[in-house]
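To keep things clear, I will list the structure first and then write my remarks on it.
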Amino acid sequence: MGRPLRGMVVPRATRCRQPAAPPTSACGCAAFAGLDVVGWSKRTKTEGKREAMKRVVIVGGGASGLMAAIGAARTAQEAGQACEVVVLEQAERVGKSILATGNGRCNVSNARPAAALYRGSGYVGGVYAELAGRARNRRGPFSQVKASLHEDPVHALFASLGLVLCEEAEGRLYPATFKATTVLDVLRAALDAAGAVVRTDAAAVAVERADGGASSAASASRERSAAALERTAATPARGLHAEAVAAAGAAARRPWRVRLADGSVVGADAVVVAVGGKGVGALELPLVADAAPPVPVLGPLAVRQAGRTKSLDNNRVRCRAWLFEPAREEGSRHASGPKSGKSPDKRTLEPCEREARQAAREQLSREAGVVCTAPALRDEAQRVKACEAGEVLFRRYGVSGIAIFNLSRLARPGDELVLDLLPHVRACDCDSFLFRRRKLLAAQFGTVTYVDLLRGMLLDPVAREVARTAQVRLDDVVRKDRLADVGRTLKRWSFEVTGIGDVRQCQLTRGGVPTSAMDARLGGVRGMDGLYVTGEALDVDGPCGGYNLHWAWASGLLAGMDAASSVLSVQADGGEA
């Protein structure tokens, strides 16, 4: 590991060169248990001041963590006060998750990141509104950012850092190079300019309050750290090692402690947890509300009729995909009778789920040519959950593609997945469309078979499976009384969802810290000054198209800004370090 970045944020005019880094442990982070001074240096005349300097520690070096570090460091710079900003990343480099997004292209954001599309939309809307207010007031990292009244603050900040974005279909924003490395290069340059410390191979296992207010689940981690302290104390200390061990108690003077897997401790005045959905479950946090276990979402779906999809593996179709609740049997006590007019679980739905249902019902009404309350459409209108238009990829276990990924947020085992293979033809017009097509082909070729009818509309493998589902033989002559069966299959090719098809393909996980425990104005945990949780570590998720990465940037930025502002305000008021 090379020389670390500068160890504190100070006004540019007063920065000085940092001494070379001493030997590190196998994990590449602080080699001595209890180390508080993260920036390596020998004892100097200013050592006491450095120990008293405020410190913000960001746990996680992904999208949200890096943006939190930029927000904290630039807020301290704008305030003209010294503050250490430290990023602890368990991998060998920061930003690996960014490089993997969008198949290496990095769908940075969306041009219209509406909060209503997210799970946890109330909290997301509060964060977006607070961030927009701070941008308008030119606070913190926005002090030098010239943004229009209606420009998104995240987009404006990226522009100020030099990143050029271009918009594609459905508002997807990509770097002009269409390379994720460009985004990471811009972020790392901003970190370097702001003077933030980046420590890789530093896996955090627990975040604790110095007053003992840690969760009971963190006791095992404390025992491991205590054992590491004993082993370190038994080793003769010399030179820098001796000075580091002498500073082991410094972390206790700060209100927060971050314990690492190697037994070392980093003291902090504020901690931003940005470890992602999978990491938050393994990190011990002093929370009253337990974090929900991670569940993979935004991925492919497995279906019970895998025999159909297996023969179509790697074939793609442009269609409209519908998701319905399972049909309820007549007389079931859970049935929502025809007079109910609403789904039985409507009160438990997230706002984004209600929005999806309403949009799907409107589309269903357009397809049928009648209102949703019509008797012929009432049952489907009550059961519909969502619809998505786009490309669907058949896999051996089921179906994939962006449209399916978005439906997976709402899908449950037992739901009915319906593919409309003729999205340009309304359901109410399908029979007449096929009848006219048969008549047209008969004028050209004479006898018309089902092969002729489906040729030019569907790929040959898809046409064979559709004919098999409709129970017609491709070589048979088309009969008028069977056109309706073929039309129903084309418009309503039905599958039963059994779950996520391949968790390795999922773009994120659902779960983490509940938004009810958070304060949207600050991005912090209620009742725990100095503790912040951001990005995927929260129980928030959005659809594909840059929404989730935008949430990572925005939530990290707000948390970093408030973390630095809060600790610097305490320092300005004469509070103790």
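Could you look through the range 284-310, keep only residues that are in a loop (DSSP other than H, G, I, E, B) and open to solvent by less than 10 Å² (accessible area, probe 1.4 Å), and pick out the one that is farthest from L88 (Cα to Cα)? The qualifying residue farthest from L88 (Cα to Cα) is P300.
Consider G281 carefully, then state whether it is surrounded by 20 or more Cβ atoms within 10 Å (Cβ to Cβ) and modelled with pLDDT under 85. Criteria not met by G281. Condition test on P113, is it modelled with pLDDT under 90 and open to solvent by 10 Å² or more (accessible area, probe 1.4 Å)? No: the conditions fail for P113. Residues considered: L163, L157. Of these, the only one that is open to solvent by less than 30 Å² (accessible area, probe 1.4 Å), assigned to a helix (DSSP H, G or I) and either touching a helix residue (DSSP H, G or I) at 6+ places or on another chain (Cβ under 8 Å) or closer than 30 Å to L407 by Cβ (or both) is L157. Yes or no: G487 over 30 Å from A270 (Cβ atoms) and open to solvent by 10 Å² or more (accessible area, probe 1.4 Å)? Taking the combined requirement at face value, the residue does not satisfy it. Going by the conditions given, is A552 open to solvent by less than 20 Å² (accessible area, probe 1.4 Å), touching a strand residue (DSSP E or B) at 6+ places or on another chain (Cβ under 6 Å) and within 22 Å of G62 (Cβ to Cβ)? When the stated conditions are applied, A552 does not pass them. Exactly one residue among T509, T498, T449 is under 30 Å from V540 (Cβ atoms), modelled with pLDDT under 95 and hydroxyl-bearing (S, T, Y), and that residue is T509. A Cβ distance below 8 Å, combined with a sequence gap of six or more or placement on separate chains, defines the contacts here; from the range 411-430, residues that are over 11 Å from E367 (Cβ atoms) reach residues that are hydrophobic (A, V, I, L, M, F, W, C) and open to solvent by 60 Å² or more (accessible area, probe 1.4 Å) in the pairs E416/A327. Taken together, the residues in the range 515-538 that are open to solvent by 30 Å² or more (accessible area, probe 1.4 Å) and in contact (Cβ under 8 Å) with a residue 12 or more places away in the chain amount to 7. Screening D502, D541 for residues that are open to solvent by 10 Å² or more (accessible area, probe 1.4 Å) and either out of contact with any Cys (no Cβ under 9 Å at 6 or more places or on another chain) or closer than 25 Å to P351 by Cα (or both) leaves exactly one candidate, D502. Looking across the range 462-484 at every residue that is crowded, with 21+ Cβ neighbours inside 10 Å and in contact with a strand residue (DSSP E or B) (Cβ under 7 Å, 6 or more places away or on another chain), the one that is farthest from S432 (Cα to Cα) is identified as V462. Considering A132, A52, A31, the condition of being farther than 23 Å from H550 by Cβ, surrounded by fewer than 24 Cβ atoms within 10 Å (Cβ to Cβ), among the aliphatic types (A, V, I, L, M) and modelled with pLDDT of 55 or more is satisfied by A52 alone. Is there a residue being open to solvent by 20 Å² or more (accessible area, probe 1.4 Å), at pLDDT below 90 and touching a strand residue (DSSP E or B) at 6+ places or on another chain (Cβ under 9 Å) anywhere in the range 389-407? Looking for residues that are open to solvent by 20 Å² or more (accessible area, probe 1.4 Å), at pLDDT below 90 and touching a strand residue (DSSP E or B) at 6+ places or on another chain (Cβ under 9 Å), one finds none in the range 389-407, hence no.
Of all the listed residues (L440, L434), the sole one being without any contact (Cβ under 8 Å) to a residue 12 or more places away in the chain and over 27 Å from R395 (Cβ atoms) is L440. So, V497, is that one open to solvent by less than 60 Å² (accessible area, probe 1.4 Å) and either within 30 Å of R304 (Cβ to Cβ) or over 38 Å from the mean Cα position of the chain (by Cα) (or both) or not? When the stated conditions are applied, V497 passes them. Of all residues in the range 364-388, those being under 30 Å from P461 (Cα atoms), at pLDDT 85 or above and in a helix (DSSP H, G or I) number 0.
For every residue, the table says whether it meets (1) over 20 Å from L508 (Cβ atoms); (2) touching a helix residue (DSSP H, G or I) at 6+ places or on another chain (Cβ under 8 Å); (3) not acidic (D, E).
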| position | (1), (2), (3) |
| --- | --- |
| A381 | yes, yes, yes |
| C387 | yes, yes, yes |
| E391 | yes, yes, no |
| F394 | yes, yes, yes |
| A403 | no, no, yes |
| L407 | no, no, yes |
| L417 | yes, yes, yes |
| A427 | yes, yes, yes |
| L434 | yes, yes, yes |
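The values are calculated or read from the model by the stated rules, or taken from the named source; none is laboratory data. Keep in mind that what you see is a predicted model, and the values were worked out from it rather than measured. Here Cβ is always computed from backbone atoms with ideal geometry, including for glycine, and neighbour counts include all displayed protein chains. All accessible areas refer to the heavy atoms of the entire protein, side chains included, with ligands and DNA or RNA removed. Shrake-Rupley method; radii C 1.70, N 1.55, O 1.52, S 1.80 Å.
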